[in-house]
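The values are calculated or read from the model by the stated rules, or taken from the named source; none is laboratory data. Nothing here was measured: the structure is a model prediction, and the numbers come from that model. When we count neighbours, we look across all protein chains shown, and the Cβ atoms used for this are built from the backbone with ideal geometry, even at glycine.
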Amino acid sequence: MMIWVNGRLREAAEATVSALDHGLTVGDGVFETVKTVDGRPFALDRHVERLARSARGLGLPEPDAAEVRRAVAEITAGDPPPLGRLRITFTGGVSPLGSERGREGPTLLVAHDRTTRRPDSAAVVTVPWTRNENGALTGLKTTSYGENVLALAHAHARDASEALFANTRGRLCEGTGSNVFVVIDGELLTPPLDSGCLAGITRRLVLEWTGAREADLPLKALREADEVFLTSTLRDVQAVHRIDDHEPPAAPGPVTTRAMTTFAERAAAEENP
Ligand code: PMP
């Protein structure tokens, strides 16, 4: 695997950053995961925009969009895998030990690796921790993902592939790397951004391409729903067949199946929706 490091494409083993990189030492960085199909990035404009939004939110300088695009073009050229994932990471750069930012940097890393299609349905668990919808980092895709790493390990230990958070008000929020939709009384609903969830790009596209709408939902909506599904860059639309010890009536049900088909068709037709 090759990795772009601050303007240079290197073999993964030589792709190194400083041990004093602020992204590494204190999580002062932002990132994006982008899907590639035969080397073509999907929805790259939206990802580059969100990277810049997260960087602004964290008080970092804005990543140079032209450089990000150049890195993506270089790293996806050649012999791309049928399905790949790009990881774009942008950090505060080299800084003295401590929490304050230094003057050297920022660091831009872009890696591209092959991946495989996610299963059509997933088991999920709810976690005993809450997402803070009022936090300074809420809605930013920062490299401070420890809470998500912990929650995902919690899910894996329970034979599930995703963990879902409620926020501090006990309202349904999101997964560790996905947004969540439920079908209640025939309506397709997803928590609003002020629930504390990330502004998922797949979530946005599903909202635009289906009749879904935002609704503030209690966590128990997961148990009352006729259908539940997750959305994310690498899942697209993924049905949920188990939530803790509860099984929704259908997975995928008719609304989920329609959302899957619509998403697949529109995404195949529009590389940069
Ligand atoms: N929430 C979180 C916390 C995430 O990390 C992700 C993955 N980026 C998502 C939701 C889904 O967002 P997207 O559809 O843009 O991949």
For the stretch 12-30: of the residues being of a type outside the set (A, V, I, L, M, F, W, C) and assigned to a helix (DSSP H, G or I), which is farthest from S144 (Cα to Cα)?
E14
What is the one condition in (1) closer than 30 Å to V206 by Cα; (2) modelled with pLDDT of 95 or more; (3) in contact with a helix residue (DSSP H, G or I) (Cβ under 9 Å, 6 or more places away or on another chain) that W4 does not satisfy?
(1)
In the stretch 16-35, residue nearest to the chain's Cα centre (by Cα) [restricted to those that are small (G, A, S) and crowded, with 18+ Cβ neighbours inside 10 Å]:
G29
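Conditions tested, residue by residue: (1) of a type in the set (D, E); (2) farther than 16 Å from D216 by Cα; (3) surrounded by fewer than 17 Cβ atoms within 10 Å (Cβ to Cβ).
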position: S144; (1), (2), (3): no, yes, yes
position: A157; (1), (2), (3): no, yes, yes
position: L164; (1), (2), (3): no, no, no
position: V182; (1), (2), (3): no, no, no
position: T202; (1), (2), (3): no, yes, no
Expected single match for within 28 Å of P254 (Cα to Cα), within 15 Å of the ligand (Cβ to nearest atom) and β-branched (V, I, T) among T138, T176, T143 is T176
Restricting the search to the stretch 145-161, which residues are part of a loop (DSSP other than H, G, I, E, B) and either closer than 13 Å to G177 by Cα or in contact with a strand residue (DSSP E or B) (Cβ under 7 Å, 6 or more places away or on another chain) (or both)?
Y145, R158, D159, A160, S161
Is at least one residue of the stretch 23-46 without any contact (Cβ under 8 Å) to a residue 40 or more places away in the chain and under 19 Å from G93 (Cα atoms)?
no
Residues of the stretch 100-113 being surrounded by fewer than 17 Cβ atoms within 10 Å (Cβ to Cβ) and touching a Ser or Thr at 6+ places or on another chain (Cβ under 9 Å), in sequence order, are G102, R103, E104
